[in-house]
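A.B. asks: Take a look at the following structure, please.
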Amino acid sequence: MDAGYFSAIAALSGSAIGGLTSLAASWLSQNAQARAQQHIRNLGQRQELYRAFIEEASRLYARALESNKADIAEMVGLYAMASRMRVLSSPAVSEAADGVVRLIIDTYFEPNMTLSDIRKALASDRIDPLRTFSEACRQELVNLRML
């Protein structure tokens, strides 16, 4: 075989290998960036869901403390958020959210509290029903940021 053929084949092979290497590196880099962006979006979605749940649960809990008349439509919204957490979140977060929903419903069936009753209840966790939920959310978000 002619030496010119060897040179041409070697040059073409080198170009092909260089091109494939560049293509693979570019694909890997883009894939890693896409996964990082998706991870950031997922964190943002969870944070927004947790914030909305805390605000709505706080409002409904305050209403349950002062009244025995539950608004079913508002409770459905809270259930919807808890269901979204079952899809997006860890079992610890979804169980804590379910506990908050149960507590709010149970509170509607208890006697209404006065400001004096609330002051006495401050010493117990009963007056801070979102503590366990908030701690579970914080732990999950910390764990996800470490990935």
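A.B. asks: If you check Arg145 against the conditions, is it exposed (fewer than 12 other Cβ atoms within 10 Å of the Cβ) and touching a residue at least 40 places away in the same chain (Cβ under 8 Å)?
C.D. replies: Against the criterion (exposed (fewer than 12 other Cβ atoms within 10 Å of the Cβ) and touching a residue at least 40 places away in the same chain (Cβ under 8 Å)), Arg145 qualifies.
A.B. asks: I've got another one for you. On the basis of being part of a helix (DSSP H, G or I), out of contact with any helix residue (DSSP H, G or I) (no Cβ under 6 Å at 6 or more places or on another chain) and in contact (Cβ under 8 Å) with a residue 40 or more places away in the chain, does Ile118 make the cut?
C.D. replies: yes
A.B. asks: Further, regarding this structure: Which one of these is farther than 19 Å from Ile127 by Cα, among the polar types (S, T, N, Q) and either surrounded by 13 or more Cβ atoms within 10 Å (Cβ to Cβ) or touching a strand residue (DSSP E or B) at 6+ places or on another chain (Cβ under 7 Å) (or both): Ser94, Ser26, Ser22, Ser13?
C.D. replies: Ser94
A.B. asks: Go through region 72-87 residue by residue and tally those that are more than 29 Å from Pro111 (Cα to Cα) and loosely packed, with under 15 Cβ neighbours inside 10 Å.
C.D. replies: 2
A.B. asks: Can I ask one more? Could you tell me whether Glu140 is out of contact with any Cys (no Cβ under 6 Å at 6 or more places or on another chain), touching a residue at least 24 places away in the same chain (Cβ under 8 Å), in a helix (DSSP H, G or I) and charged (D, E, K, R)?
C.D. replies: So Glu140 passes the test.
A.B. asks: Moving to a separate point now. Please find, within region 33-71, the residue that is nearest to the chain's Cα centre (by Cα) out of those that are among the charged types (D, E, K, R), surrounded by 14 or more Cβ atoms within 10 Å (Cβ to Cβ) and within 18 Å of Glu135 (Cα to Cα).
C.D. replies: That would be Arg46.
A.B. asks: Something else now. Look through Pro111, Pro129 and report the one residue that is assigned to a loop (DSSP other than H, G, I, E, B) and buried (at least 16 other Cβ atoms within 10 Å of the Cβ).
C.D. replies: Result: Pro129 is the single residue among Pro111, Pro129 that is assigned to a loop (DSSP other than H, G, I, E, B) and buried (at least 16 other Cβ atoms within 10 Å of the Cβ).
Values in this text are rule-based calculations from the coordinates and carry no lab data. None of these values were measured; they are calculated from a predicted model. So basically every Cβ, Gly included, is an ideal-geometry build from the backbone, and we count neighbours across all protein chains shown.
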